Amino acid sequence: MKIEICATSLESITNAQNAGAHRIELCEKHSIGGITPSKEFLIRAFEIIKIPTNVLIRPRGGNFIFSDREIEIMIDQINFFKTFKINGFVIGFINNNNSLDKHILNEFRKITNGYELTFHRAFDSLDNPLESIELLIENRYDRILCSGNNKSAVDGLENLRKFNKISNGRIIIMPGGGINLTNFKDFKDSSFSEIHLSAINYLNSPHSDFNIIKEIVESSNQ
C-alpha cells in the first residue's frame, strides 16, 4: 500500500521522505483543508524534495464552487508549476447543483497531459458519486482522494469499499480524511492500494510526524 503524506512545511517534507513515504501532496494551510502552495514555498520545497510530489491546486478555502476567474487562476498556477519536476496535480471543483462540469474536467486533463491527476475531496460534496466516478474515468483522471462522501474516511469506509469495487482498477480510490495510526489498518485490510494522511500529532507539533509515518509505512509493507 502506498502512503501519501499531505505536507505543508519543509519539516513535514523531510519527515515524510526520511520515514519512507511514497509520495507527497504539497500544499499550505492544512487548517482550512489546504490551498495551493505559494511560489516561494514551492521553490524552497523543491530544493529538498526527493520523492514523487503532487501539487494541490486550490485557490482558496471554503466551498469548491469556483468562479471563472478562479478557474483561470488554477490554470495559470498549473502552467507555472509545470516548470518544476512535479509528478502530478491535485484538483477539485463542483457546480452549483453539486455535480461535475464535463467541459472543465476535460480542460484540466488536457493541460495536465503527461502528469498524474488526482481529483480531491471536492468529490465528497457531489450528489452523484457513482456517475462522477465514471466521468473521471472517461476523462483519464488517475485517482480520487475522498472520504466516501462523509466527514472522515472511517465514517465513509463502506462507501469507499463500494467505490473501490465499482472502479475495478480503472481509477485509484485513495481514502483520506481522518486516517491515523489507530485506524489505517482498516484501509489496508480493505485492499486499498493507497491512503492519504497528514500524520500530524497536534499535541506535539504542527508538522507531519516522522514516527507516525514510519510505523504506518512499515506496517503497510507487512
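Where a number appears in this text, it was derived from the coordinates with a stated rule and is not lab data. None of these values were measured; they are calculated from a predicted model. Counting neighbours? That spans all protein chains shown, and the Cβs are built from the backbone with ideal geometry, glycine included.
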Pairs only if they're at least six apart or on different chains, beta carbon under 8 angstrom, first in the range 195-220 and at positive phi, second among the β-branched types (Val, Ile, Thr); list them, first residue then second.
Ala199/Ile5; Ala199/Ile212; Ala199/Ile213; Ala199/Ile216
When the range 10-41 is checked residue by residue, the ones that are touching a residue at least 40 places away in the same chain (Cβ under 8 Å), out of contact with any Ser or Thr (no Cβ under 9 Å at 6 or more places or on another chain) and either part of a helix (DSSP H, G or I) or over 21 Å from Glu215 (Cα atoms) (or both) are Asn18, Gly33, Thr36, Lys39
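Pick out the one residue from Glu47, Glu28 that is surrounded by fewer than 21 Cβ atoms within 10 Å (Cβ to Cβ) and touching a Pro at 6+ places or on another chain (Cβ under 7 Å).
Numbers: Glu47 fails: touching a Pro at 6+ places or on another chain (Cβ under 7 Å).
Going through Glu47, Glu28 in turn, the sole match is Glu28.
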Selected residue (criterion: surrounded by the most Cβ atoms within 10 Å (Cβ to Cβ)) from residues of the range 175-184 that are on the phi < 0 side of the Ramachandran plot and in contact with a helix residue (DSSP H, G or I) (Cβ under 7 Å, 6 or more places away or on another chain)
Pro175
Pick from Leu136, Leu117: which is aliphatic (A, V, I, L, M), touching an Asp or Glu at 6+ places or on another chain (Cβ under 8 Å) and over 14 Å from Cys27 (Cβ atoms)?
Leu117
Take the range 52-104 and flag every residue that is without any contact (Cβ under 8 Å) to a residue 12 or more places away in the chain, in a helix (DSSP H, G or I) and under 15 Å from Asn139 (Cβ atoms).
His103
Quickly run through the range 99-130 and pick out the residues that are surrounded by fewer than 17 Cβ atoms within 10 Å (Cβ to Cβ), within 17 Å of Met74 (Cβ to Cβ) and acidic (Asp, Glu).
Asp101, Glu107
